[in-house]
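Colleague: Here it is: the structure, laid out below.
The values are calculated or read from the model by the stated rules, or taken from the named source; none is laboratory data. Since this is a predicted model, take the numbers as computed values, not measurements. Note that each Cβ is placed from the backbone with ideal geometry, even for glycine, and that neighbours are counted across all protein chains shown. Just so you know, the surface numbers come from the protein's heavy atoms only, side chains and all, with ligands and any DNA or RNA stripped out. Shrake-Rupley method; radii C 1.70, N 1.55, O 1.52, S 1.80 Å.
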Amino acid sequence: NTLGWDPGGVSDPCLHRWYGVGCEDPCDLYLDGEECYYGRIVSINLANNNLTGRLSDWTAIEALHNLSYLDLSYNNINGEIPSAIADTSLEYLDLKFNQLEGTLPQGFSNTSLDTLAVEYNQISGTLSSDLGLQTRLKMLHAGHNRLSGSIPSQLSNLTELQVLNLASMSLDGTLPDTIGQMASLRYLNVSNNEIDGTLPTSLGGLADARDLILDNNRISGTLPTEIGMATELRRLILHDNYLSGNLTAVHTLDRLVRL
């Protein structure tokens, strides 16, 4: 759908309402400059729109100074995520279900990112510790890619994070001991990875957690009794690991009345 679009640049995307482009009126000269005529582009939503081509060819994304919402999910876009995307004012970035490759952008300079969704691509490399600087982040979907390495302990700084989905990749190492600091976490999915070590006792600090999905890893040791402190749990999925010990000894399980 390219209704209203004019790649030649004759029509203004705000005045003529290009499909998928959201604007805020009017322009502010001091903020937008003389080239802004009818409004500021604040959102682009072209999800499920049969888009192709290389996202890495979009070299001037940082020129959209007021862009806060970008959704290009469910398309056939390839290439790498432009590094300049880290210098924008985006609050919502959704690129899931494409053919993107390369690595995740490093060094996000803004701290306003609320949602980052890049799952079901071919992104490789590791999870950057810089993600721990995005203290307003509420949703991080990065599963079903080719990411490897360990989960950075800096992610524990994301105290507003509600959803963390890192399923079906090649992550290894242990779950951060400080994961319980993520006080707002409701959904954690790290299934189908190569995570080992024991379950941290701080899991009991996830008081708002509804879903802890940790199956198909290499987790060993016993189920910590502290898990009984996560009283909002609906799903606790731990099959296909190397857990051992006496389940009867986990005397706190009866506190999980919502399980």
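Colleague: Might you let me know whether region 128-140 holds any residue that is surrounded by fewer than 21 Cβ atoms within 10 Å (Cβ to Cβ), modelled with pLDDT of 95 or more and out of contact with any Phe, Trp or Tyr (no Cβ under 8 Å at 6 or more places or on another chain)?
Modeller: Yes, some residue in region 128-140 is surrounded by fewer than 21 Cβ atoms within 10 Å (Cβ to Cβ), modelled with pLDDT of 95 or more and out of contact with any Phe, Trp or Tyr (no Cβ under 8 Å at 6 or more places or on another chain).
Colleague: Looking at (1) outside any loop (DSSP other than H, G, I, E, B); (2) over 21 Å from the mean Cα position of the chain (by Cα); (3) surrounded by 19 or more Cβ atoms within 10 Å (Cβ to Cβ), which is the one condition that is false for Pro13?
Modeller: Going through the list (1) outside any loop (DSSP other than H, G, I, E, B); (2) over 21 Å from the mean Cα position of the chain (by Cα); (3) surrounded by 19 or more Cβ atoms within 10 Å (Cβ to Cβ), Pro13 breaks only (1).
Colleague: Moving on to the next point. Is there a residue in region 26-46 that is under 23 Å from Gly102 (Cα atoms), of a type in the set (Gly, Ala, Ser) and surrounded by fewer than 14 Cβ atoms within 10 Å (Cβ to Cβ)?
Modeller: Looking through region 26-46, none of the residues is under 23 Å from Gly102 (Cα atoms), of a type in the set (Gly, Ala, Ser) and surrounded by fewer than 14 Cβ atoms within 10 Å (Cβ to Cβ).
Colleague: Could you please find all residues in region 170-183 being part of a loop (DSSP other than H, G, I, E, B), open to solvent by 20 Å² or more (accessible area, probe 1.4 Å) and within 19 Å of Asp208 (Cα to Cα)?
Modeller: Matches in region 170-183: Asp177, Thr178, Ala183.
Colleague: Is it true that some residue in region 110-117 is more than 16 Å from the chain's Cα centre (by Cα) and part of a loop (DSSP other than H, G, I, E, B)?
Modeller: Looking through region 110-117, none of the residues is more than 16 Å from the chain's Cα centre (by Cα) and part of a loop (DSSP other than H, G, I, E, B).
Colleague: Further question: Let me spell it out: the conditions are (1) closer than 14 Å to Ser184 by Cα; (2) out of contact with any Ser or Thr (no Cβ under 9 Å at 6 or more places or on another chain); (3) open to solvent by 10 Å² or more (accessible area, probe 1.4 Å), and Leu238 meets all of them except one. Which number is the exception?
Modeller: Every condition holds for Leu238 apart from (1).
Colleague: Considering only residues that are within 14 Å of Ile85 (Cα to Cα) and of a type in the set (A, V, I, L, M), look in region 45-62 and name the one that is modelled with the lowest pLDDT.
Modeller: Filtering first and then ranking leaves Ala60.
Colleague: Given the condition open to solvent by 60 Å² or more (accessible area, probe 1.4 Å), assigned to a loop (DSSP other than H, G, I, E, B) and more than 26 Å from Leu131 (Cβ to Cβ), answer yes or no: does some residue in region 57-77 qualify?
Modeller: Yes, region 57-77 contains at least one residue that is open to solvent by 60 Å² or more (accessible area, probe 1.4 Å), assigned to a loop (DSSP other than H, G, I, E, B) and more than 26 Å from Leu131 (Cβ to Cβ).
Colleague: Test Gly4 against the stated conditions and say whether it is in contact with a Phe, Trp or Tyr (Cβ under 8 Å, 6 or more places away or on another chain), at pLDDT 95 or above, farther than 27 Å from Gln106 by Cα and not aromatic (Phe, Trp, Tyr).
Modeller: no
Colleague: Identify the residue in region 20-44 that is part of a loop (DSSP other than H, G, I, E, B) and touching a strand residue (DSSP E or B) at 6+ places or on another chain (Cβ under 7 Å) and, among all such residues, is farthest from Leu95 (Cα to Cα).
Modeller: Per the criteria, the residue is Cys27.
Colleague: Let me ask you something else. Residues in region 238-259 that are in a loop (DSSP other than H, G, I, E, B) and not basic (Lys, Arg): how many?
Modeller: 13
Colleague: Same structure again: Just for region 211-235: of the residues that are acidic (Asp, Glu) and either under 27 Å from the mean Cα position of the chain (by Cα) or surrounded by fewer than 16 Cβ atoms within 10 Å (Cβ to Cβ) (or both), which one is nearest to Leu161 (Cα to Cα)?
Modeller: Across region 211-235, the extreme among qualifying residues is Asp211.
Colleague: Here is a follow-up. If you check Ser156 against the conditions, is it more than 13 Å from the chain's Cα centre (by Cα) and closer than 26 Å to Asp215 by Cβ?
Modeller: Answer is yes for this residue.
Colleague: Can you work out which of the residues in region 187-209 that are open to solvent by less than 10 Å² (accessible area, probe 1.4 Å) and not in a loop (DSSP other than H, G, I, E, B) is farthest from Val163 (Cα to Cα)?
Modeller: Among them, the one singled out is Gly204.
Colleague: When region 78-91 is examined, which residues are found to be open to solvent by less than 30 Å² (accessible area, probe 1.4 Å) and modelled with pLDDT of 95 or more?
Modeller: The one that is open to solvent by less than 30 Å² (accessible area, probe 1.4 Å) and modelled with pLDDT of 95 or more: Gly79.
Colleague: Consider Ala167 carefully, then state whether it is part of a loop (DSSP other than H, G, I, E, B) and either of a type in the set (Val, Ile, Thr) or farther than 29 Å from Gln122 by Cα (or both).
Modeller: So Ala167 does not fit the description; no.
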